[in-house]
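Notes for the one structure printed next.
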Amino acid sequence: MQLFRFPTFKYFKELYLALLIIVVIAVVGIIGYMAIEDFEFSEALYMTIITVSTVGFNEVHPLSPEGRHFTIFLIVISFGTFAYALTSLTKYIMTGTYAQYYKKYKMDKNIEGLKDHIVICGAGSNGAEAIRNLLTHEKEIVVVDTNPDIIEELRSKHIMYVQGDATDEETLLRTGIKRASALISTLPKDTDNVFVVLTAREFNPHMRIVSRCAVESTESKLRNAGANYIILPDKVGGARMAGYVVNQNINRFLDKIALTERDEAHLVEVHASSLPVEIQNSSVADVNRFLDTNCKLIGIRTAGGEYMVNPSEDTPVPHACELFYIGNTIEIRGIQKHLNHEI
């Protein structure tokens, strides 16, 4: 049946079924009266409506024995069914179910149109923090989770989501993973994270993948599966705690430039490949002159993975390197304006 091929059927199933019941009963009644009693269309429609709705108005014309038998048949098949359809239709609209499904339909259509967004698998403690930080930087994200309470919270905050198991390939495809720029997997089980990373890398070979890892022995498996960056929360947390003891003020400063402090100083990464062709493969001084910013260049990462700290102005800037600037919001916005995109 063509109805069940509608892309919106899964959202408005009850509405479609209620309308289908009403239409089928009306068609049966109209065809029956036109065939048996030779009624015109408007007369057959009128007889069908007063029969199934049990209103009880006068007949259009006196019915033949066959017409009375058909009327009995129509009453029997529509008894309760028509009332159920009308009740379902009214309830669907009055209770807000239609509005809720319509919002879900629009959100899924928006997800289908996303490109270079970030997929977050799991919205637990680690995932929630990642969501908060990315939203602070106004990044487009799609969250995957199975918890109904988390889904309701995401819905209330107008955050795009896909409710389902992140280890299911169909669920990941619904996030637009093939068009995403990055994926963050924060699932509690390392085995699930390995599967998500492996599947994501298969769907999108060029995306950046960051994964949570609970057990250190799983780190190599995640890396082999395709993760670019692997975070061990306990290890990172312990290092941060030690840092506050050894270098208290340095760690406070790092907190100040964290992602969450959008109105304060923070770090930003600029890909040399995003610079105009005439600026690429030039010097730090040329890049700074083009960006026209008060941000401070504090480091460069070369294509080979080597880091140069506080490079001098005559340091060459190869095409495939990344530059790290520190500055406040206004200064960072200046860089973005010159590059004409979000960093």
For this session: Within the stretch 212-223, identify whether any single residue is in the same structural domain as T146 (by TED's automatic domain parsing) and closer than 19 Å to L134 by Cβ, and answer yes or no.
Result: yes
Seminar exercise, completed: Selection from the stretch 20-48 of residues surrounded by fewer than 16 Cβ atoms within 10 Å (Cβ to Cβ), among the β-branched types (V, I, T) and within 46 Å of the chain's Cα centre (by Cα) yields V23, V24, V27
Seminar exercise, completed: The correct count of residues that are surrounded by 16 or more Cβ atoms within 10 Å (Cβ to Cβ) and more than 27 Å from I332 (Cβ to Cβ) in the stretch 106-129 is 6
For this session: Answer yes if at least one residue in the stretch 98-105 is exposed (fewer than 12 other Cβ atoms within 10 Å of the Cβ), closer than 30 Å to H206 by Cα and modelled with pLDDT of 75 or more, and no otherwise.
Result: no
Problem set entry | Which listed residue, of T186, T218, T191, is hydroxyl-bearing (S, T, Y) and in contact with an Asp or Glu (Cβ under 8 Å, 6 or more places away or on another chain) | T218
Exercise. What do you reckon, is Y84 part of a helix (DSSP H, G or I), more than 20 Å from I151 (Cα to Cα) and modelled with pLDDT of 70 or more?
Worked result: yes
Problem set entry | Residue under evaluation I209, criteria (1) in contact with a helix residue (DSSP H, G or I) (Cβ under 6 Å, 6 or more places away or on another chain); (2) among the β-branched types (V, I, T); (3) within 23 Å of I298 (Cβ to Cβ), criterion not met | (3)
Exercise. Restricting attention to the stretch 44-69, and to residues there that are part of a loop (DSSP other than H, G, I, E, B), within 16 Å of A26 (Cα to Cα) and of a type in the set (S, T, N, Q), which single residue is modelled with the lowest pLDDT?
Worked result: T54
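The values are calculated or read from the model by the stated rules, or taken from the named source; none is laboratory data. The shown structure was predicted, so the numbers you read here are calculated from the model rather than taken from an experiment. Reconstructed Cβ throughout: ideal geometry from the backbone, glycine too, with neighbour counts over all protein chains shown.
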